[in-house]
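Participant: Take a look at this one; I'll ask things after.
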Amino acid sequence: MKKTALLALLAPALAGTLALLPINNQKKRFHSDAELAQFRMQFRPDARYHGPQNNLLPIDSNILFPTAKSCGGCHGFDSNGFALVTSSEQDVNIYDDWRSTMMANSSKDPFWRAKVTHEILVNPAHSLDLQDKCTSCHAPAGHYQAKLKRQQPHYSLYEMYTDSLGLDGVTCQACHAQPADQLGTLHSGNLYFDTNYIRVAYGPYEFVFTPPMHNFVGITPKYGPHILESGLCAGCHTLITHTTDLQGTPTGGTFVEQATYHEWLNSRYDEAHDNVSCQDCHLPQIEDAVIISANYLNLTPRSPFGLHEMAGANTTMLKLLRDNRAALQIDAKPEHFDSTIAATLRMLQHKTLDLDLQPGVVHGDTMRFSLKLQNKAGHKFPSGYPARRAWVEFELQDAAGNTLFHSGRMAADYSLPDEDAQVEPHYNIIYAPGQVQIYEMAAGDVNGAVTTVLERGAFPLKDNRLVPQGFSTVDPAYDTTRIVGAAFADSDFNRSPDGAEGSGADILHFHIPNPGITGAVRARAKVWYQSLPPKWLAPMFEFSSPEIDSFRLMFDQADKSPVLMAEATLENVLVSPVSAVEPAGGQIAVSPTFCPDGRLTVRIPAGDQLRRVQVWNARGQLVWDRPASELELPAANGLYFVVVETRRERKTFKIVR
């Protein structure tokens, strides 16, 4: 008999038999009504349970973004030690890691609140628009709840103060509810949430176990590999503002306040090259198999697991938040902040920058040293909010410990007393203590004056922040990631020895006059990072608002010390004021060293080839850049540096006009 005929005869009998068996054809329930009620009351403090236990309060689908505490019930600390622990029993629960980060406290950040009110006081006519723009990233759940459900044109700072969604900062669903559509195409807080599927939570794991999240908070978890893509961060970590003049009138221009995502696009780490995403560094993955939800003994451990450390660089603000938890109504504990601060220091001191300090020619009237700073981040350093900066401190001491040279010294209030009152220029060569290399972006207003008012930003006066490896001036993203000022013409900035772009490094030269020292010297270079320089805060502190005054009180008591990111030391470098004997066969020469008429002659050894001649003035500005054996200095008298590069070597000369 054929198999098909046999199955046809057996099917009715099999169906009848199964119908008699006690099989529950209803969808499996993982909790009783009483358990559901208990969980909802525990993690939804706004809910009010009345009546018998089988009469559950329905989940309010009008609330598009439940607060993070709703997620903490399963993704927080497991008192049984079963879920969210590593193989070595280290607690890695998502909720506790998140709630002491700058992301979790973005709407409670007192500096941000103060700065918003500063902008409002400068441009009061734009108050609602300013608040609406700022809350779109710092309070996204409250902002988009108001926009998508209540069709509000604006979501204000003061509405946020009484809104539990807004006060949740960058809460879980602000990231996990973003669909794959339009990732990487949006910016300036214009986030996209598909309102047909907004009550979902995209995650990186296939084979999703949906009932608990669906039952407790009304959110359906779904597999979404895009949650690991850098484009998820683009909507807020690219901010382009509209420029106004000093009267508050829009000019029609725009200003790139920050473009961290675009900096990543213009690097070797983007998807077209090494494909190292933002999440790979800021939510680092561990290979341990981790059970990601409490209360279920049958769950399959997941690997790899992303730690929700979200470490950035702002230890100053993390310490201030920790020390003012009660005043700011922050429920994270001090130990949670300590953990986040430790992760932030690891990021800054081990994953961001490498230093290489080398001696050059130290005999004669000049002691020469070079310092290579290698950016290891996937974006510019510093990146993000434009207050942030890093600077180089370089100190030279004799054998007795006496200071011979000191650039980048710090005052008691952590300001830099030697920096320019406006904008310190970028340097290729530092020869005087009053020069300090500061890596920063400085904004200029419509009149070209430096400004810290973001709405007045018209164009960058300077941007010499260290670029990431693979950075290129011909990349499509260069229009939002430009190098501005003397760094653009610096042959050691993002250049390899062969002149190719993309090194992600800068080589800073120190040419220190030798007043007659013979013997051993000690050279030390340090790089400091500062998120809130006194120079940046001063204009805001000229104003008064409840937010500014409150932040001033907190900041006055805060630990404002910058972070020492890296240092390099050379011990026992032997120097002498007597020039070393030059090798036979000729040498590079520039003459005369004192030239009243400004006319110079460049000579190179026979058989060598001239590749480049650069002239820099005493302010670090490039005034000549082309190979020539005859050249003329600018008309202004002063000290100039002539850099001659040949096929064999590169030398720098001091010329006085």
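Participant: Can you list the equivalent-ellipsoid semi-axes of region 292-444, largest first and in whole Å, using the square root of 5 times each Cα gyration tensor eigenvalue?
Facilitator: One finds semi-axes of 41, 20, 15 Å for region 292-444.
Participant: Hey, if you put +1 on the Cβ of every Lys and Arg and -1 on every Asp and Glu Cβ in the chain, which of T185, L564, Q614 ends up farthest toward the positive end of that dipole?
Facilitator: T185
Participant: More than 12 Å apart: what percent of Cα pairs in region 257-302 qualify?
Facilitator: Roughly 71 percent, rounded to a whole number.
Participant: Going toward the positive end of the dipole of the chain, with +1 on Lys and Arg Cβ and -1 on Asp and Glu Cβ, which of N324, N275, F405 do you reach last?
Facilitator: Farthest towards the positive pole: N275.
Participant: Further, regarding this structure: Can you tell me the orientation of helix 140-149 relative to the chain, as the angle in degrees between its alpha-carbon axis and the longest Cα principal axis, to the nearest 10?
Facilitator: Approximately 50 degrees, to the nearest ten.
Participant: For region 152-291, what D do you get in µm² per second when you plug the Kirkwood radius from alpha-carbon pairs into Stokes-Einstein at 20 °C and 1.002 mPa s?
Facilitator: For these conditions, the coefficient is 122 µm²/s.
Participant: What's the Kirkwood radius of region 221-306 in Å, using all Cα pairs?
Facilitator: Over region 221-306, the inverse of the mean reciprocal pair distance is 16.2 Å.
Participant: Can you pull the three principal axis extents for the Cα set of region 279-373, in Å, largest first?
Facilitator: Projected onto the principal axes, the Cα atoms of region 279-373 cover 75, 39, 17 Å.
Participant: Residue by residue through region 480-494, what is 3J(HN,Hα) from phi via Karplus (6.51 cos²θ - 1.76 cosθ + 1.60, θ = phi - 60°)? Round to whole Hz and write x for glycine and proline.
Facilitator: 3J(HN,Hα) across region 480-494, in whole Hz: 10, 9, 5, 8, 10, x, 5, 4, 4, 9, 6, 5, 9, 9, 6.
Participant: Are there GluC sites (Glu not before Pro) in region 254-320 that DSSP marks as loop and that have at most 10 other Cβ atoms within 10 Å, and which are they?
Facilitator: E287
Participant: Measuring from label point to label point, each 7 Å out along Cα→Cβ, what is the Q349 to T518 span in nm?
Facilitator: Taking the simple label geometry, Q349 and T518 are separated by 4.2 nm.
Participant: Just from the alpha-carbon atoms, what are the Rg and Dmax of region 62-209 in angstroms?
Facilitator: 17.0, 57
Participant: Nearest 20 debye, what's the magnitude of the dipole of region 367-504 about its Cα centre given +1 on Lys and Arg Cβ and -1 on Asp and Glu Cβ?
Facilitator: Using Cβ point charges on Lys, Arg, Asp and Glu, region 367-504 gives about 280 debye.
Participant: I've got another one for you. Quick check: the distance between the Cα centres of region 94-115 and region 525-555, to the nearest angstrom?
Facilitator: 17
Participant: Would you work out the charge dipole size for the chain about its Cα centre, treating the Cβ of every Lys and Arg as +1 and the Cβ of every Asp and Glu as -1, and quote it to the nearest 20 debye?
Facilitator: Its charge dipole is roughly 1020 debye.
Participant: A follow-up question, please. Over the Cα atoms of region 555-657, what Rg and Dmax result, in angstrom?
Facilitator: Computed over the Cα atoms of region 555-657, radius of gyration and Dmax are 19.2, 65 Å.
Participant: Relative to the longest principal axis of the C-alpha atoms of the chain, give the angle of the C-alpha long axis of helix 33-43, reported between 0 and 90° and rounded to the nearest 10°.
Facilitator: That helix lies at roughly 30 degrees to the long axis.
Participant: Here is a further query. Using a 1.4 Å probe, how large is the accessible area of H379, given in Å² and rounded to the nearest 10?
Facilitator: Rounded to the nearest 10, that gives 40 Å².
Participant: How big is the Kirkwood radius of region 123-186, worked out from every pair of different alpha carbons and given in Å to one decimal?
Facilitator: 12.2
Participant: Tell me which residues come under 5 Å, amide H to amide H, from Y161 once H is placed; ignore anything under 5 positions away on its chain.
Facilitator: Result for Y161 returns nothing.
Participant: May I pose another question? Considering the Cα trace of region 430-574, what is its radius of gyration and what is Dmax, both in angstroms?
Facilitator: Answer for region 430-574, Rg first and Dmax second: 19.5, 59 Å.
Participant: Relative to the longest principal axis of the chain, what angle (0 to 90°, nearest 10) does the C-alpha long axis of helix 127-138 take?
Facilitator: On a 0 to 90 degree scale, this one is about 80.
Participant: Highest mean first, how do 216-222, 518-524 rank when packing is the count of other Cβ atoms within 10 Å averaged over residues?
Facilitator: Final packing ranking: 216-222, 518-524.
Participant: Give me the percent of the accessible area of region 408-456 that comes from carbon and sulfur atoms, probe 1.4 Å, all protein chains in place.
Facilitator: In region 408-456, the share of accessible area belonging to carbon and sulfur is 51 percent.
Participant: Further question on the same structure: Fully extended, how many nm does the chain gain between T593 and A125 (0.36 nm per residue separation, minus their Cα-Cα distance)?
Facilitator: Full-extension gain reported as 162.7 nm.
Participant: Sticking with this one: Match the structure shown to one of the listed values [x] 217; [y] 169; [z] 234 of volume of the Cα convex hull per residue in Å³, computed from it, and give that label.
Facilitator: Evaluating volume of the Cα convex hull per residue in Å³ on these atoms matches [z].
Participant: Now for a separate question. Using the Kirkwood radius over Cα pairs, work out the Stokes-Einstein diffusion coefficient for region 277-320 at 25 °C and 0.890 mPa s, in µm²/s as a whole number.
Facilitator: 199
Participant: Here's a follow-up. How large is the charge dipole for region 294-342, taken about the Cα centre, if only the Cβ atoms of Lys, Arg (+1) and Asp, Glu (-1) carry charge, to the nearest 20 debye?
Facilitator: The dipole of region 294-342 has a size of about 60 debye.
Participant: Could you tell me how far the Cα centroid of region 487-523 sits from the Cα centroid of region 253-328, in Å?
Facilitator: Each part reduced to its Cα centre gives a spacing of 34 Å.
The values are calculated or read from the model by the stated rules, or taken from the named source; none is laboratory data. Just so we're clear, the structure is a prediction, and the values are computed from it rather than from any experiment. All Cβ positions, even for glycine, are placed from backbone atoms using ideal geometry, and neighbour counts span all protein chains on display. Side chains included, ligands, DNA and RNA excluded: accessible areas come from the protein's heavy atoms. Shrake-Rupley method; radii C 1.70, N 1.55, O 1.52, S 1.80 Å.
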